[in-house]
Every structure is written in C-alpha cells, then in structure tokens.
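Have a look at the structure below, then the notes.
Computed from the coordinates by the stated procedures, all read-outs in this text should not be read as laboratory data. The structure presented is a predicted model; accordingly, all values stated were derived computationally and were not measured. Here the Cβ positions follow ideal geometry from the backbone for every residue, glycine too, while neighbour counts run over all protein chains shown.
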Ligand SMILES: Cc1ncc(COP(=O)(O)O)c(C=O)c1O
C-alpha cells in the first residue's frame with residue numbers, strides 16, 4: 001500500500017504539465033519508478049493491487065496494469081502469483097538510491113566535480129556575449145549576410161550529394177573545404193598549407209583546447225601574451241598548464257622577456273601562444289624581427305608556436321603581415337583560423353594548419369571531442385569560398401567595418417573624451433579604450449551591462465597587475481546610428497559613476 005504522501009506524489013507527477021506529452025500509463029510508471037529511485041518505496045515493500053491503485057488515481061485498471069508490466073520488465077518490481085506486487089531486491093544495487101541523484105540532502109544541486117571540472121566551471125567559460133548588444137567585442141554584422149547565396153549553394157550540395165551528405169564527415173574535414181582553406185591561407189595569409197595539413201574544427205576554441213591537451217601535459221609551461229585572449233587562457237588553465245605571462249610593447253610580444261623567462265634549450269620544450277597579426281586586445285602587430293626570433297626560439301627548444309589568426313581579414317590601412325606559419329621553415333607553428341568573424345558565429349567552423357607529424361594525433365584527438373564537423377555546412381562553405389563569395393563578402397564587410405571604426409572613434413572623441421582615451425585600431429572589430437580618470441572598471445562594465453551595453457573590461461585579460469584599466473568596444477555589429485545612440489547611453493553611465 002502507498003502512504004498518503006506517496007499517493008499524492010504519484011498524483012502530482014501524473015498531473016504535472018511538464019509530463020503532459022507522455023501517455024497516462026507511462027506517467028503512472030515513471031511516477032512509481034521515481035518513488036523507488038528516491039528510496040521512498042523500500043525493497044520488498046508491497047505495492048497496491050492494480051484495481052485499488054486505479055481507483056485511488058482515478059484511472060483505468062488497464063493503465064495501472066501497463067505501468068506495472070513495464071516496471072516489472074525493467075526490474076523495478078516483482079510480481080508473485082497469489083501474493084501481489086513488491087519492490088524488487090535488484091533495486092538495492094541502484095547507485096545513489098535514497099536521495100535524488102546529483103542533489104545534497106538539503107535538496108540543493110551540489111554536483112561533485114573533478115578539480116578540472118571545478119576550475120572550468122569557476123572560470124566561467126567564454127561565451128559572454130550571445131545577443132549582439134552594443135559593444136560586444138568580436139561580433140560581426142550578420143544582418144547583411146548574403147543568405148540567399150548561402151541557401152542556393154546549400155541546395156546545390158544537397159542535390160549533388162543526396163543522402164551521402166547525411167553521413168559522417170571524415171574527422172579531418174571534407175576534402176573540398178580543406179582544399180579551399182589551404183588555397184585561401186596560402187594566397188591571403190602567406191601560409192604554407194596543403195589540404196592534407198588542414199584540420200577542420202568547430203572553432204578556434206576547439207583548436208586551443210586540442211593544442212593544450214595534445215601538445216602539453218598538466219603542469220607544463222605555456223608562454224602567453226599579457227594581456228591575452230581570455231578564451232586561450234581559459235583553455236590552457238582548464239588543461240592544467242602553467243601560463244607564464246610575457247609583456248608586450250607597440251611591436252607585440254617582448255621577445256627579450258620570452259628568452260629571459262624560458263628554460264635553456266634542451267631542458268623543457270614549452271609553447272608560446274600568439275595573436276601576431278592583431279594582438280588581442282591591444283591591436284599591436286608583431287614585428288618581423290620578433291617573428292623570426294620566436295621561430296628560432298621554437299626551433300632551438302623543439303617548442304610549439306600557437307598562432308591564433310582570428311581577424312586578419314579585417315585590416316583597414318594595408319594588407320596584414322604574412323602569418324608566422326608561412327615564415328617558419330622548421331614546422332614548429334600551428335596556425336589557427338576561424339570563420340566566426342569573417343562569416344558568422346553560428347557557422348561553427350574553424351581550422352588548424354598543422355605540421356605534418358601533428359595531423360594524425362590531432363585528428364584522432366578531435367574524434368574524442370565531437371567526432372567531426374557537420375558535412376553540409378562544410379560543403380556549402382567550400383562552394384562559398386570557391387565561388388568567390390567569401391572574398392566578396394570580406395571585401396564588403398571590410399569597408400563597412402572601416403567606416404564603423406571611424407564613426408566610433410569620432411563618437412568617443414565627442415561624447416566620452418572626459419572619461420576614456422580610444423586606441424583606434426588598424427584592424428579588427430574592437431577598439432580598446434583606456435580610462436583617463438579614476439573610474440572603477442568593474443562597476444563601469446556592470447552599470448553599462450544594466451543599460452544594455454556590453455563592454456569587455458581589460459583588467460581580466462591581464463595576468464600582471466601593472467596596467468591601465470579600461471574596456472574593449474566592439475564596433476562591427478552595429479550601424480552608425482546604433483553606435484551613436486549607444487555611445488550617448490554609455491556617456492550617461494560613465495558620467496553617473498564620476499559624480
Ligand atoms: C583572439 C580570438 N581568438 C579566437 C576567437 C574565437 O573564435 P571561435 O568562435 O572560432 O572560437 C576570438 C573571438 O572573440 C578571439 O578574439
């Protein structure tokens with residue numbers, strides 16, 4: 001027999017609108033199963049006869065019989081002819097019986113995480129700005145994307161490949177896309193790529209995680225720019241690496257400081273993470289002599305250079321400098337690219353150009369993360385690039401973003417000059433602004449957020465404490481009139497903090 005509270009709990013489960021899509025007998029079965037799993041019905045306990053339970057619940061006897069049959073088939077109950085229905089002995093062995101799984105006794109969700117899991121969770125992840133509110137950094141304009149062209153190419157792919165496009169992709173990526181990427185980075189970025197050295201991934205973020213876990217062990221040192229892209233820092237922290245900050249100047253990473261901080265050649269290989277064509281967040285371009293010195297550093301130590309070339313499509317004054325990977329004859333550089341900024345973030349396609357010996361280990365490792373990237377977007381993107389649409393889109397957006405950068409620089413001068421000084425970047429999608437008054441950065445970011453404005457504070461990007469406070473303002477995703485309105489709103493927010 002059920003106690004009153006148990007009967008009520010079964011009734012509540014059955015009547016819960018969240019379970020409304022389930023047939024009635026399934027709801028009865030799940031409700032009783034939950035009582036057993038929670039330990040409210042102990043082993044050996046008799047269950048009500050089906051006729052009695054049907055009456056108490058106001059359902060037909062067939063409904064209860066179906067529920068009991070399913071519970072019996074799953075091993076939760078035993079049915080003994082002549083004596084009735086009982087909670088099965090087998091239930092004794094269910095893990096975590098007696099309290100809801102993943103819950104503490106007081107009912108609060110307190111899952112026990114590994115140290116690594118806790119570090120990842122406490123780090124907060126990287127997807128800060130999902131809705132493109134002004135001035136979320138790194139978000140492209142998607143409202144003018146040539147969707148009709150994309151749709152036409154996707155239809156072509158489905159027509160040509162038919163149901164073959166529904167199968168798994170090779171984990172390294174579809175060959176047409178690897179070829180298109182290799183041609184693109186060779187032509188536009190001066191890389192040394194071949195299709196068999198390209199690994200198609202879902203993002204740069206995935207590439208960073210793979211580099212951190214496949215090339216280095218927990219406790220190994222990785223040299224990072226200070227300040228650094230937070231997504232890279234978090235991927236390295238999550239892998240248990242020791243991040244060693246190297247300061248920057250206007251020519252990018254201070255190689256003299258890298259050499260000072262490094263072990264002697266032969267002691268520990270190590271790796272260095274760089275955003276050389278447009279340092280995140282300062283915008284500095286790594287000077288050629290420093291690029292060559294870092295390549296030599298990696299050769300002598302058999303270390304790795306991880307080159308994140310995240311927004312080099314958008315340089316406004318001149319062509320960007322060729323990438324480090326193309327200058328490195330010793331194959332110590334891993335080149336990382338993404339279509340998040342050049343096309344759209346929802347595409348989820350990034351890639352690495354790898355030294356040949358790393359292709360197989362990285363490809364096998366990615367099969368453990370997500371198996372492979374989806375074939376239909378890969379094949380559509382390959383056509384988009386081959387058909388010249390990618391080049392045309394980038395050219396169009398480069399002009400749009402250059403104008404928006406100039407508009408934002410002017411607006412900051414007009415409305416925010418009492419608070420910040422803008423560092424107008426030569427490329428990319430965001431503008432660093434440094435406080436010229438004593439304004440608490442964290443409060444400024446939080447107040448702006450409440451006013452519908454997303455800023456990325458600079459302080460969190462530094463490991464050292466010796467730096468100016470301020471924030472990054474993304475300008476790519478909003479039209480001039482939207483930038484105008486948002487800057488005026490931000491002026492109010494900052495003005496209120498100074499009063
Ligand atoms: C330096 C840098 N690398 C990588 C990315 C992210 O690219 P993905 O979406 O491919 O992970 C960003 C995005 O803001 C970035 O700023």
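What is the order of 331, 225, 250, fewest Cβ neighbours within 10 Å to most?
On the way: 331 16, 225 29, 250 10.
Ordered from fewest to most neighbouring Cβ atoms within 10 Å, 331, 225, 250 come out as 250, 331, 225.
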Would you list the P(r) distribution for region 410-453, with all Cα-Cα distances sorted into 10 Å bins from 0 and each bin expressed as a whole %? 25, 53, 22, 0
Point-to-point label distance, residue 249-residue 12, nm (Cα→Cβ direction, 7 Å offset): 6.8
Relative to the first principal axis of the alpha-carbon coordinates of the chain, what is the inclination of helix 4-15, with its axis defined by its Cα atoms, in degrees from 0 to 90 and to the nearest 10? 50
Short version: what are the Cα gyration tensor semi-axes of the chain, square root of 5 times each eigenvalue, largest first, in whole Å? 52, 29, 26
To the nearest 10 degrees, how steeply does helix 175-189 sit against the main Cα axis of the chain, on a 0 to 90 scale? 30
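Relative to 2.2 N^0.38 Å, what does the C-alpha radius of gyration of region 392-498 come to as a ratio? Two decimals please.
On the way: Rg = 13.8 Å, N = 107, 2.2 N^0.38 = 13.0 Å.
That ratio works out to 1.06.
Could you give the length gained by full extension between residue 439 and residue 187, i.e. 0.36 nm per residue of separation minus their alpha carbon distance, to one decimal place?
On the way: separation 252, 0.36 × 252 = 90.72 nm, distance 4.53 nm.
Between residue 439 and residue 187, full extension yields an extra 86.2 nm.
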Want the number for residue 151 to residue 121: 0.36 nm per residue separation, take away the alpha-carbon distance, what's left? 7.1 nm
Quarter of the surface of the C-alpha convex hull for region 124-278, i.e. direction-averaged projected area in nm², equals 12.9
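Per residue, how big is the convex hull around the C-alpha atoms of region 307-399? Give it to me in cubic angstrom, could you? Walk me through the numbers before you get to the answer.
Details: hull volume 10.6 nm³, N = 93.
Convex hull volume per residue, Cα atoms: 114 Å³.
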Rounded, prolate or oblate: pick one for region 4-92, where a ≥ b ≥ c are the square roots of the eigenvalues of its C-alpha gyration tensor, a/c under 1.5 means rounded, and failing that, prolate if a/b is larger than b/c, else oblate. prolate
Could the peptides 5-16, 334-345, 33-44 be put in order, highest first, of the mean number of other beta-carbon atoms found within 10 Å of their residues? 334-345, 33-44, 5-16
So what's the gap between the Cα centers of region 360-405 and region 1-59, to the nearest angstrom? 52
Once label points are set 7 Å from the Cα along Cα→Cβ at both residue 86 and residue 264, what is their separation, rounded to one decimal in nm? 7.6
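Would you mind ranking 277, 262 so that the residue whose beta carbon has the fewest other beta carbons within 10 Å leads the list? The partial results should precede the final answer.
Details: 277 24, 262 20.
Arranged by neighbour count, lowest to highest, 277, 262 become 262, 277.
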Over all directions, the average projected area of the alpha-carbon convex hull for region 147-389 comes to how many nm²? 12.7
Run the simple label-point estimate for residue 113 and residue 396 please: 7 Å along Cα→C-beta, distance reported in nm. 4.2
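For the peptides 452-458, 200-206, what is the packing order when you average, over each peptide's residues, the other Cβ atoms within 10 Å and list the highest mean first? Let's see the in-between values first.
Details: 452-458: 20.1, 200-206: 23.1.
Ranked by mean Cβ neighbours within 10 Å, highest first: 200-206, 452-458.
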So the angle from the long Cα axis of helix 61-73 to the longest Cα principal axis of the chain, reported in degrees to the nearest 10, equals 60
Nearest-0.05 FRET efficiency for residue 386 and residue 292, computed from C-beta distance (R0 25 Å): 0.15
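Please report the relative contact order for the chain, taking Cα pairs under 8 Å with a sequence separation of at least 6, and give it as a percent rounded to a whole number.
Working: 824 pairs, mean separation 80.9, N = 499.
It comes to 16 percent, rounded to a whole number.
Is the shape of region 229-301 best called rounded, prolate or oblate, per the rule: a/c under 1.5 gives rounded, else a/b larger than b/c gives prolate, else oblate, with a ≥ b ≥ c the square roots of the Cα gyration tensor eigenvalues?
Values: a/c = 2.01, a/b = 1.05, b/c = 1.92.
Taking the square roots of the gyration eigenvalues as a ≥ b ≥ c, region 229-301 is oblate.
Just want to confirm a number: the relative contact order over region 208-312, from Cα pairs under 8 angstrom separated by 6+ residues, in percent.
Numbers: 171 pairs, mean separation 28.5, N = 105.
Normalised by residue count, the contact order of region 208-312 is 27 percent.
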